[in-house]
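Right, one structure below, let's go through it.
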Amino acid sequence: MQGLATLVAVQALPHTLRAAERPPWALGFEGVSEDLSPLAMKVAGDFPAPCRGALYRNGPALYARGGQRYQHWFDPDGMVQAFRIGEKGVEHQGRFVRTLRFEQEQRAGRFLHGGAGTNFENALPVRNNESTNVANINVQPLNGELLAMWEAGAAYRLNPDSLETLGTLEFDEDLKGVPFSAHPHFDEQGDLWNIGSVLFTRRPMLVLYHLGSNGRLKKSSAIPMDFPGYIHDFVLTPRYLVVLNSSSVMGEGRNFVDRLQWEPDRPSQLLVFDRADFSLRAKIEVPATFVFHFGNGWEEGGNIHFTACAYRNMDIVSVGMHRLARQEPGPYHDASELVRYSVSLARDAADVTPLGLDMEFPGYDTRRPFEAQMLSGAAGQGTANSRLASAVVRVDPRSGNSERYDYGEGMVVEEPLFVPGPDEGYLLHSFLDYRQSRSGIAVLKAGSLADGPVATADMDRVLPLGFHGCFLPA
Ligand SMILES: [Fe+2]
């Protein structure tokens with residue numbers, strides 16, 4: 001019941017539209033204002049034994065403070081959710097990441113800084129990345145802890161049992177506060193590889209990171225960029241790191257989102273770096289595109305292959321994510337489409353093959369990061385024209401053949417994660433049932449998705465729609 005009480009409290013804060021004018025899925029952008037203490041969920045079906053453990057998720061959660069409200073999905077403070085799946089039931093807990101910003105603004109009782117896509121009157125000037133870090137994009141394990149990750153500042157360390165914030169991840173004095181993206185990738189040894197893009201300086205730079213599984217820095221490099229394109233994720237292969245410098249380019253404007261300009265005539269750039277020494281091996285022009293997320297990468301026949309959830313422009317950032325956060329009806333933006341890139345270093349060229357699938361949030365078996373393997377994702381962006389996914393999908397990245405389970409209108413499917421298990425394993429995802437005002441999790445057999453979930457757990461608690469997470473087995 002605490003969740004309902006929280007919702008009532010938050011509804012007193014300002015919105016652009018009256019409740020009756022908001023689309024039904026606006027519930028997922030209401031936000032919460034307090035930590036969510038552990039709550040037993042209502043379980044239907046049996047969660048298979050391999051799914052026992054914890055599903056952790058991160059996402060923007062605190063939308064309003066002191067009579068002001070954020071206007072973009074990028075902006076609200078991050079809350080890490082834990083869904084603990086045990087033999088006796090499923091329990092949910094949510095806790096805000098205690099970033100420097102969160103603590104300062106809690107004390108002040110108001111927003112002190114603007115957001116990536118929101119301007120507030122009387123906002124303080126931004127002195128450094130850490131003063132605006134909301135740690136709201138992803139949560140991943142490292143060295144027995146969790147990292148709550150943003151993309152323009154440091155990652156925050158959390159205790160996986162209590163979700164208590166322990167401090168920022170520090171690995172090098174010279175790299176303090178340098179952007180560290182929310183999409184690290186892990187190799188076979190458990191080493192962490194990451195990027196950070198520095199866009200606000202006169203010379204845009206890309207920073208590459210290689211950390212051991214103990215969180216210590218093994219190497220880093222700062223590489224000048226030809227232009228300051230928006231970069232959110234990258235591809236790791238056995239020998240390379242592939243970065244797509246997108247045609248969404250930093251220009252002038254009132255905030256980060258406003259400054260990003262879509263330049264359809266500027267080709268995007270694939271940058272291929274050698275993992276061994278971070279040297280640039282290739283710079284290849286590809287048709288202008290905007291990508292948040294990539295599937296895993298593999299090398300075959302002398303080429304590098306990977307998939308991407310590609311948008312034909314950056315309306316998702318400049319239009320869709322504003323309207324969703326403002327709880328406005330659409331139209332929002334075009335759906336993303338899964339495409340496959342095949343990069344030839346010998347030819348210095350890349351082929352792009354559309355796979356005809358509206359998919360986002362790609363996932364895979366992280367035990368085999370460098371094999372061509374089935375990808376999972378959230379699809380069905382178009383039900384009720386919300387562009388929020390209503391289906392779980394699994395696709396062969398070579399053929400584009402796919403299978404899906406669509407829950408239909410009323411359900412929002414969040415990032416499905418692969419859980420190893422018998423046969424082809426499982427897909428585990430969180431959801432919002434906005435017709436019933438309930439949030440929950442569901443598990444499906446990966447090999448027979450069309451049969452629908454084998455178990456679900458939900459609750460009288462509406463969670464803000466989030467971005468990414470991880471599953472850690474018990
Ligand atoms: Fe992301």
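The value obtained for segment 2-473, namely the Cα convex hull volume divided by the number of residues, is 133 Å³ per residue.
Dividing the helix sum by the residues of the chain, where each DSSP H run of 4 or more adds -39500 (n - 2.57), gives a mean residue ellipticity at 222 nm of -1500 deg cm²/dmol.
Averaging 1/r across all pairs of distinct Cα atoms in segment 336-410 and inverting the result yields a Kirkwood radius of 13.5 Å. Based on C-alpha pairs under 8 angstrom that are at least 6 apart in sequence, segment 2-473 has a relative contact order of 15 percent. Amide H to amide H distances under 5 Å link Glu424 with Gly447, where only residues 5 or more positions off or on other chains count and H is placed in the peptide plane.
The length gained on full extension between Glu409 and Arg312, counted as 0.36 nm times the residue separation minus their Cα-Cα distance, comes to 32.4 nm.
Working ranking of peptides 117-123, 46-52 by packing, defined as the average number of other Cβ atoms within 10 Å per residue, highest first, is 46-52, 117-123. A simple charge model with +1 on the Cβ of Lys and Arg, -1 on the Cβ of Asp and Glu and nothing else charged puts the dipole of the chain at about 760 debye relative to its Cα centre.
Using Cα pairs closer than 8 Å and at least 6 residues apart in sequence, work out the relative contact order for segment 24-145, in percent.
Value for segment 24-145: 28 percent.
Length gained on full extension, Val319 to Asn401: 26.4 nm, using 0.36 nm per residue less the C-alpha separation. 3J(HN,Hα) along segment 249-261, derived from phi through the Karplus expression 6.51 cos²θ - 1.76 cosθ + 1.60 where θ = phi - 60°, amounts to 10, 5, x, 9, x, 8, 7, 4, 5, 5, 6, 6, 10 Hz, with x in place of Gly and Pro. Putting +1 on Lys and Arg Cβ atoms and -1 on Asp and Glu Cβ atoms, find which of Ser318, Asn245, Ser386 reaches farthest to the positive end of the dipole of the chain. Of Ser318, Asn245, Ser386, it is Ser318. When Trp25, Trp73, Trp262 are sorted by how many other C-beta atoms sit within 10 angstrom of their C-beta, beginning with the fewest, the order is Trp262, Trp25, Trp73.
Every number here is computed from the coordinates shown, using simple stated rules; none is lab data. Just so we're clear, the structure is a prediction, and the values are computed from it rather than from any experiment. In this analysis, Cβ positions are derived from the backbone assuming ideal geometry, glycine residues included, and neighbour counts consider all displayed protein chains.
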